[in-house]
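Written below as structure tokens is the structure these notes are about.
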Amino acid sequence: MNTLDVTWADRAGLARLQQDRLATALAAAKRSPFYAGRGVPGSRAELADYPLTTKADLRAGYPFGLLAVDRAELATYHESSGSSGVPTSSYYTPEDWRDLTERYARKHVGIRPDDMFLVRTPYALMITGHLAHAAARYRGATVVPADNRSLAMPYAKVVRLLHDLEVTLTWSLATDTLLWAAAARLAGRAPDRDFPALRALFVGGDPLGPAKKKRIAEIWNAPVVEEYGATETGSLAGECPSGRLHLWADRALFEVYDPDTGRCSPTGRGQLVVTPFQREAMPLLRYNLEDSVEVSDPDCGCGWGLPVVRVLGRSAWTVRDGAAELTQGDVEDLVFGLPAEYGVMFWRARAETDGLRIQIEVAAAHRAAAVRELGDAVDRAYGLPARIESLPPGGLVPERLLTTEPEVVKPRGLFHAGEDWNKALEYY
Ligand SMILES: [Zn+2]
């Protein structure tokens, strides 16, 4: 069951469906004070000349400037993570939630009633945790709500739950799965052998290159299934059985904006612009996510006639070093291109006056080889002098972060003689 709206191989059918649904989206936009003030385009042709909606527009409309329904009709209110700026509001009705849930549930490995689904993304304000939670419930799975921003869920506890509950599916940032792997080893468990129930790791929220994705799958002996979306839109793309990320073009209109020319096109490299079709509470017309992407329309082995997106990352995650422009993904590809037996999972890098400085965590036995090979790889790929520094395990991710289970308490007023009462109200 894929909740497909059309046979995705049928490109003509998809175009007709987009036409019909765009009419609904434009009608909804007329009820939004923001778009009513701007004037709403009447057709797809008029939409092509319509100004983009920017994050600045959303911020200026904080909190309810884009609300198109009565407040009593809202189901949830969210704010984005603000990883590259001030937070923005978004809100959804129960009908909007139906669309959100279906889109997330389109996982090619399926979400089943017998699944134990660990949701390890934030529940506070952002949509990500709620999205996975709702999709898992919709498919009848059992949800284990395991927020990654809560002090009640340290890594040691995640590992205990993964193992003891025989968790079958997880949803998290890709990097979080590496932290679980390190925590599992410190708890005496082998990630590739001691978690046999694990069917798949669903990941999203940070750009994921092929080398890192492959490494995570090897470490956990389970497929990594990627997802791309935003709090303002929900899921926008999901992975097909051939491992490509396809845009959900039956649920939104996608364009690529080139900031240099100011032009939009259906494919190419630039910033992703989206017009979601199903939006009662907060219609969005040509919303620029400001995520750097490459969209193409290949004949994919999966047979889906949906465009393919490669997420290159936020522009905030790009540094210039000499003549080279590097994204986080560029460096990550090289780090995870090191042989698996070196065991390198954690790294950080900074552009400094004398070149790129990269630190990696690596055990003593592989230190010399890892440093030499990574330095050569940076030089080969970018012609950059890179200073590679090796840190012993624990040097970037402290062991206590992976092993301790901090006590979670409640506010408390009355204490015994000699007890520490400083935590009375500062209790977490
Ligand atoms: Zn495909």
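The values are calculated or read from the model by the stated rules, or taken from the named source; none is laboratory data. Quick caveat: nothing in here was measured; it's all calculated off a predicted structure. With ideal geometry, Cβ positions are generated from the backbone for all residues, glycine too; neighbour counts draw on all protein chains shown. Surface areas here come from the heavy atoms of the whole protein model, side chains and all, with no ligands, DNA or RNA. Shrake-Rupley method; radii C 1.70, N 1.55, O 1.52, S 1.80 Å.
Have a look at PRO385, LEU22, ILE216 and report the one farthest towards the positive end of the charge dipole of the chain, computed about the Cα centre with Cβ charges (Lys/Arg +1, Asp/Glu -1). With unit charges placed on the Cβ atoms, the residue in question is LEU22. All alpha carbon pair distances within the range 1-123 were sorted into 10 Å bins beginning at 0; the resulting P(r) in whole percents reads 10, 30, 36, 22, 3. Note on the range 315-420: with charges restricted to the Cβ of Lys and Arg (+1) and Asp and Glu (-1), its dipole about the Cα centre is near 140 debye. Here LYS213 is the anchor, and the lysines within straight C-alpha reach of less than 17 Å, apart from those fewer than 8 places off in the same chain, are LYS107. Across the options GLY234, SER265, THR177, the greatest Cα extent toward the positive end of the charge dipole of the range 129-288 (unit charges at beta carbon of Lys, Arg, Asp, Glu) belongs to THR177.
Its DSSP H runs of at least 4 residues, each contributing -39,500 (n - 2.57), put the calculated 222 nm mean residue ellipticity of the chain at -8500 deg cm²/dmol, to the nearest 500. Can you find, among TYR342, ALA124, PRO41, the residue sitting farthest towards the positive end of the charge dipole of the chain, where Lys and Arg contribute +1 and Asp and Glu -1 at Cβ? Value computed over the given set: ALA124.
Using a probe of 1.4 angstrom and keeping all protein chains present, the accessible surface of the chain works out to 46 square angstrom per residue.
Each principal axis of the range 315-428 carries a Cα extent, and these read 65, 35, 21 Å when sorted largest first. With 28 Å as the limit on Cα-Cα distance, the pairs of LYS55/LYS214; LYS55/LYS212; LYS157/LYS410; LYS55/LYS157 that go past it are LYS55/LYS214; LYS55/LYS212; LYS55/LYS157.
Amide H of TYR123: which non-local residues (sequence gap of 5 or more, or other chain) have their own amide H closer than 5 Å, using H built in the peptide plane? HN-HN under 5 Å from TYR123: ASN148, ARG149. Between ASP206, ASP330, ASP147, the residue with the greatest mean-square fluctuation in the GNM of the chain (Cα pairs under 10 Å linked by springs) is ASP330.
With r as the distance between the Cβ atoms of GLU73 and ASP164 and R0 = 35 Å, compute the FRET efficiency 1/(1 + (r/R0)^6) and round to 0.05. FRET efficiency, ASP164 to GLU73: 0.25.
Computed from phi, the 3J(HN,Hα) profile of the range 250-260 under the Karplus parametrisation 6.51, -1.76, 1.60 (θ = phi - 60°) reads 7, 10, 7, 9, 10, 9, 10, 9, 9, x, 6 Hz, with x in place of Gly and Pro. Among the protein heavy atoms of the chain, carbon and sulfur supply 52% of the accessible surface, probe 1.4 Å, non-protein parts ignored. Under 5 Å from the amide H of GLY313 lie the amide H atoms of SER292, each residue being 5 or more positions distant or on a separate chain, with H modelled from the backbone and absent for Pro and chain starts. Here the chain is treated with +1 on each Lys and Arg Cβ and -1 on each Asp and Glu Cβ, and its dipole about the Cα centre works out to around 380 debye. When peptides 398-407, 237-246 are ranked by their average number of other Cβ atoms within 10 Å per residue, the highest-first order is 237-246, 398-407.
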